[in-house]
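Below is one structure, written out as structure tokens; the observations come after it.
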Amino acid sequence: MGRPTKTKNQKKERAAAQHRSQEEYTSVPHSFVFHRGHVGKNLQQLILDVRHVMEPYTATNLKVRKKNTLKDFVAMAGPLGVTHFLVFTKTPTTINLKLFRLPGGPSLTFRVTQYSLIKDVVSSLKRHRMHEQQFTHHPLLVLNNFGLQGMHIKVMASMFQNMFPSINVHKINLNAIKRCVLISYDADSQTLEFRHYSLKVVPVGMSKGLKKFLQEKFPNMSRLQDISELLVKDVVLSESEAEQDGSHNITELPQAYAGRGNMKSEQSAVRLTEIGPRMKLQLIKVEEGLGQGNVLYHSFIHKTEQEIQEALARKEEKLQLKAERRRKQEADVERKQEQRTAHRKKSLEGIKKKKRQAEGGDSDAEDPGMQEDQNADDLSDDDTEYYRQEVGEEPDEDLFPQSTKRKRGLGQSIKPRKRCKYSRSADQNPAPAGRSPKVKHKRIPRPGQGWQPRDSPGLREQRQDTRQPGRARNARRKQAQGPGRNHTKQRRGSRPQGPRRQGKPGLLRRQASKGKGAFGNQRRSGRKGPA
């Protein structure tokens, strides 16, 4: 088994370094740069350029949808450690920039009077210095002319300082400073100038030839007789731009800086190259909270102390009304929850009671179809009395068997019986041994309905009496027809039997009488038909 690649102490040191870097990353301010509402193509590019300025502690690839609200960004800012929002908005006349400090404010609103993109600034330079390694570290913030008296000026200075990580001049590594953000305040016009520069350090105190020799690109010495000419004479060298170094940008380096000749305790010049974007901002107002608090300062609207107190009173009244509505809403929700719980409990008790009744066979339940003062025996008595009044005689015992055989209980409901065909007499269908014969019947309807029971003796005699005239009439008809006629019953759908009708059908007979048809034409013309 081979030797492990990392020892135990190396793993501990690496874990400790990762922990320190994580703490440093979470302790620095982070930002979101996005827009609200509809913006143009140029403003979207400006938002991307501002994200480059705020790197690496910003969301470079932040996606914004139309349905997203400010509350959505605030909800996501907490877990991600975001402390500032830079929100761009556009109106038909102006472009606004709002700076929000999370979570409690304040909020600053600026008007963007002028701006230039990175591509515009870089295209105007002869030589530009911008590469990806410059954006691996945060920029150095420089504030100019912010020492004036005024509450709004102090708020602006504090806001800009907290947007970028703070530095310790005794522990800072100079090689980590690659960019610079300059914000200058003009008291006369009350505007801010926002600039973004790339920083470069070059050694001073030597000739141009020696500087050229120290660069990575070796100079052309084909026209020189001796190397001393390179250090003494500068006429053979060409520079596209004249030297701008002076006392304003020359300093002594406390540390060795990246680049040839930038040694510790040596004189070097700090040069700035603008890489964009540019913005000219004008402060509009300062508010408490996230854009919904009291207006602390407004550049266009000035209120007296009395007007400010009235506005505060109105706002306090609105807050109290909102709190009262919230309490009422919570009380209503709690009350509905209690009602729902009580209803659920009552429903469960009813279900359990119903199950117990089904298991115990409770027959004392009332029939919903029967009235309270109605007796089950009255039903059969009413039918018997009605038959007695209509027919004029007593009904048979088997016509209404419910009144004599079985009485319906109070808890049994009255259900309509199904109609079915019954035999003419109970003797034809004898009941099996051990059982009493059951005679099925139908109730007699009221006058006008035309329905009568088949097995009623009185009605059976009447039916036989009514059949006698019909039978006598059929017998007389048979005698009149004579014995030779066929009196077989005619089937449904068949032609009537008997002697066939002589001659032609009606239509042909009429045509023959009029002389129409093929044979009639021949007779009239005198031609003979085919033999």
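The values are calculated or read from the model by the stated rules, or taken from the named source; none is laboratory data. None of the values given here were measured: they were computed from a predicted structure. Cβ placement follows ideal geometry from the backbone for every residue including glycine, while neighbour counts extend to all protein chains displayed. The area values use the complete protein model at the heavy-atom level, side chains included, leaving out ligands, DNA and RNA. Shrake-Rupley method; radii C 1.70, N 1.55, O 1.52, S 1.80 Å.
Just to be sure, is L199 part of a loop (DSSP other than H, G, I, E, B) and within 25 Å of G261 (Cβ to Cβ)? Break it down stepwise before answering.
Working: part of a loop (DSSP other than H, G, I, E, B): no; within 25 Å of G261 (Cβ to Cβ): yes.
Spelling it out, it is not the case that L199 is part of a loop (DSSP other than H, G, I, E, B) and within 25 Å of G261 (Cβ to Cβ).
E55: charged (D, E, K, R) and in contact (Cβ under 8 Å) with a residue 12 or more places away in the chain, yes or no? Even if it seems obvious, please write down each step before you answer.
Details: charged (D, E, K, R): yes; in contact (Cβ under 8 Å) with a residue 12 or more places away in the chain: yes.
Criteria met by E55.
Residue by residue through the stretch 234-265, note down the ones that are modelled with pLDDT under 65 and either among the β-branched types (V, I, T) or on the phi > 0 side of the Ramachandran plot (or both).
Listed by number, the residues that qualify are V235, V236.
For the stretch 285-316, which residues satisfy the criterion of being in contact (Cβ under 8 Å) with a residue 24 or more places away in the chain and hydrophobic (A, V, I, L, M, F, W, C)? Explain how you work it out, then say what you get.
Step one: list which residues in the stretch 285-316 are in contact (Cβ under 8 Å) with a residue 24 or more places away in the chain, which gives 285-291, 293, 296-297, 299.
Of everything in the stretch 285-316, those that are in contact (Cβ under 8 Å) with a residue 24 or more places away in the chain and hydrophobic (A, V, I, L, M, F, W, C) turn out to be V286, L290, L296.
Going by the structure shown, is T89 assigned to a loop (DSSP other than H, G, I, E, B) and either surrounded by fewer than 16 Cβ atoms within 10 Å (Cβ to Cβ) or touching a residue at least 24 places away in the same chain (Cβ under 8 Å) (or both)? Spell out how you get there, then give the answer.
Values: assigned to a loop (DSSP other than H, G, I, E, B): no; either surrounded by fewer than 16 Cβ atoms within 10 Å (Cβ to Cβ) or touching a residue at least 24 places away in the same chain (Cβ under 8 Å) (or both): yes.
Spelling it out, it is not the case that T89 is assigned to a loop (DSSP other than H, G, I, E, B) and either surrounded by fewer than 16 Cβ atoms within 10 Å (Cβ to Cβ) or touching a residue at least 24 places away in the same chain (Cβ under 8 Å) (or both).
Identify all residues within the stretch 278-303 that are part of a loop (DSSP other than H, G, I, E, B) and either charged (D, E, K, R) or at positive phi (or both); write none if there are none. Spell out how you get there, then give the answer.
Initially, the stretch 278-303 is screened for residues part of a loop (DSSP other than H, G, I, E, B), giving 288-294, 299-303.
Within the stretch 278-303, E288, G289, G291, K303 meet the criteria.
For a quick check of your reading of the model, give me the residue pairs whose first member lies in the stretch 112-140 and is more than 27 Å from K90 (Cβ to Cβ), whose second is open to solvent by less than 50 Å² (accessible area, probe 1.4 Å) and at pLDDT below 85, with beta-carbon atoms closer than 8 Å and at least 6 apart or on different chains.
Sorted first by the residue in the stretch 112-140, then by its partner, the list stays empty.
Which residue out of L97, L62 is touching a Lys or Arg at 6+ places or on another chain (Cβ under 9 Å), at pLDDT 90 or above, open to solvent by less than 20 Å² (accessible area, probe 1.4 Å) and not β-branched (V, I, T)? Break it down into steps so the answer makes sense when it comes.
Numbers: L62 fails: open to solvent by less than 20 Å² (accessible area, probe 1.4 Å).
On inspection, the qualifying residue turns out to be L97.
Without any contact (Cβ under 8 Å) to a residue 40 or more places away in the chain, open to solvent by 40 Å² or more (accessible area, probe 1.4 Å) and of a type in the set (A, V, I, L, M): which single residue out of L319, L272 fits that description?
Values: L272 fails: without any contact (Cβ under 8 Å) to a residue 40 or more places away in the chain.
It is L319.
Residues are listed down the side, and each one gets a yes or a no for (1) more than 22 Å from H131 (Cβ to Cβ); (2) open to solvent by 30 Å² or more (accessible area, probe 1.4 Å); (3) in a loop (DSSP other than H, G, I, E, B):
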position: Q149; (1), (2), (3): yes, yes, yes
position: I153; (1), (2), (3): yes, no, no
position: M156; (1), (2), (3): yes, no, no
position: F160; (1), (2), (3): yes, no, no
position: P165; (1), (2), (3): no, no, yes
position: K171; (1), (2), (3): yes, yes, yes
position: N175; (1), (2), (3): no, yes, no
position: L182; (1), (2), (3): no, yes, no
position: D188; (1), (2), (3): yes, yes, yes
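I'm checking my understanding of the structure. Among residues of the stretch 125-147 that are assigned to a loop (DSSP other than H, G, I, E, B) and within 44 Å of the chain's Cα centre (by Cα), which one is farthest from F160 (Cα to Cα)? So that I can check it myself, show each step before the final result.
Step one: list which residues in the stretch 125-147 are assigned to a loop (DSSP other than H, G, I, E, B), which gives 125-131, 137-139, 145-147.
With the extra rule that they be within 44 Å of the chain's Cα centre (by Cα), the set shrinks to 131, 137-139.
Values: H131: 25, H137: 18, H138: 14, P139: 12 Å.
Once the filter is applied, the top-ranked residue is H131.
Looking only at the stretch 252-269, which residues are free of Cβ contacts under 8 Å to residues at least 40 places away in the same chain and in contact with a strand residue (DSSP E or B) (Cβ under 7 Å, 6 or more places away or on another chain)?
Across the stretch 252-269, the qualifying residues are E252, S265.
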